[in-house]
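I have placed the structure first, in the form of structure tokens, so that the comments after it can refer back to it.
The values are calculated or read from the model by the stated rules, or taken from the named source; none is laboratory data. Remember, it's a predicted structure, so these values are computed and weren't measured experimentally. Cβ placement follows ideal geometry from the backbone for every residue including glycine, while neighbour counts extend to all protein chains displayed. For accessibility, only protein heavy atoms count, side chains too; no ligands or nucleic acids. Shrake-Rupley method; radii C 1.70, N 1.55, O 1.52, S 1.80 Å.
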Amino acid sequence: MRCVVQRVASSSVTSEGELTGAIGKGFMVLIGVSTEDTDKDVKYMADKVPNLRIFEDSEGKMNLSLKDVGGSILAVSQFTLYGDARGGRRPSFITAARPEQANALYEKLVQAWREQGITVETGRFQTDMQVSLVNDGPVTLLLDSTKLF
């Protein structure tokens, strides 16, 4: 499972002309699911993302987590995180999970964050979405549940 985590002042997602999610301070998280992902990968991201210490404390050091600052998450599915463009100009998505598997694990991850008391807004799975954000910092991290990077 891969996540692109962006610290934001605000973010929103529109699907097919309808606003489906909007947050203030927090994380805009793009989520990709691979064919190899299981509940173990969901658990890893469910713990890792909200506990990342990338918000500044009173001394200006990145020392506070999303939970510490009471932030929210805007979660957007993104199968293209598993696009492989190393072999040519057209990416291969062979390692991206099929929609049924991807949606099930995506929903489990969103639910796991909600069970921690985090406000989570979402896009609409398998639709054309437009995402807007005000990246705070900017701070952007790439996470991979297999710790590839």
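Remarks
- Spacing of the two label points (7 Å from each Cα toward its C-beta) at residue 134 and residue 85, in nm: 3.0
- The structure shown yields semi-axes √(5λ) of the Cα gyration tensor in Å, and of the options (1) 37, 12, 10; (2) 20, 17, 16; (3) 24, 17, 16 that calculated value carries the label (3).
- Accessible surface for the chain, divided over its residues, is 55 Å² per residue with a 1.4 Å probe.
- Counting only protein heavy atoms and a probe of 1.4 Å, the accessible surface of the range 1-107 is 47% carbon and sulfur.
- Close amide H pairs (under 5 Å, H built 1.01 Å from N) link residue 75 with 29, 121, 122, 123, residues at least 5 positions away or on another chain.
- The range 71-149: C-alpha gyration tensor shape, a/c 1.5 cut-off, then a/b vs b/c: prolate
- Fully extending the segment from residue 126 to residue 47, taken as 0.36 nm per residue of separation minus the present Cα-Cα distance, adds 25.9 nm.
- Considering helices alone, the calculated mean residue ellipticity of the chain at 222 nm is -7000 deg cm²/dmol, with DSSP H runs of length four and up weighted by -39500 (n - 2.57) and normalised per residue.
- Of all DSSP bridge pairs formed entirely within the range 1-92, close to 70 percent run antiparallel.
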